[in-house]
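> Below is the structure I would like to discuss, written out as structure tokens.
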Amino acid sequence: MPAKPDPRKILDEAMQLEPTERAFVAETLIESLDLDEDFAISPEWRDEIRRRCADIDSKRTILIDSASVINELREKYTR
């Protein structure tokens, strides 16, 4: 029987991906859990979530890592 993959190694490799690729991996992993919903989500919110995910997947929305956003804000407001 083959050895199970090492989760730490998988995470280390995933962290080398671009932010949009990491988001795709994270989204896919979360969806794979197929958890029962403990809370109600309105149809409007569900549609909005799907729209946002589709925008990210199609690259209509570009994700920016938090360090870049913070640096940009620091530059803007510390002049």
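> Can you tell me which residue in the range 19-63 is modelled with the highest pLDDT, limited to those that are closer than 27 Å to Pro7 by Cβ and in a loop (DSSP other than H, G, I, E, B)?
First, the residues of the range 19-63 that are closer than 27 Å to Pro7 by Cβ: 19-38, 49, 53, 56-57, 63.
Now drop any that are not in a loop (DSSP other than H, G, I, E, B), which leaves 34-38, 63.
Working: Asp34: 72, Leu35: 68, Asp36: 67, Glu37: 61, Asp38: 67, Leu63: 90.
Among those that are closer than 27 Å to Pro7 by Cβ and in a loop (DSSP other than H, G, I, E, B), it is Leu63.
> If I filter the range 35-49 for residues that are closer than 24 Å to Leu11 by Cβ, over 14 Å from the mean Cα position of the chain (by Cα) and exposed (fewer than 12 other Cβ atoms within 10 Å of the Cβ), do I get at least one hit? Spell out how you get there, then give the answer.
Here is the first cut: in the range 35-49, the residues closer than 24 Å to Leu11 by Cβ are 35.
Now narrow it down to the ones that are over 14 Å from the mean Cα position of the chain (by Cα): 35.
Still in the list and also exposed (fewer than 12 other Cβ atoms within 10 Å of the Cβ): 35.
Checked the range 35-49: at least one residue is closer than 24 Å to Leu11 by Cβ, over 14 Å from the mean Cα position of the chain (by Cα) and exposed (fewer than 12 other Cβ atoms within 10 Å of the Cβ).
> Taking Leu11, is it over 12 Å from the mean Cα position of the chain (by Cα) and in a helix (DSSP H, G or I)? Let's see the steps before the verdict.
Numbers: over 12 Å from the mean Cα position of the chain (by Cα): yes; in a helix (DSSP H, G or I): yes.
Answer is yes for this residue.
The values are calculated or read from the model by the stated rules, or taken from the named source; none is laboratory data. Just so it is clear, the structure is predicted and the values come from calculations on it, not from any experiment. Positions of Cβ are generated from backbone atoms using ideal geometry, with glycine treated the same way; all protein chains shown enter the neighbour counts.
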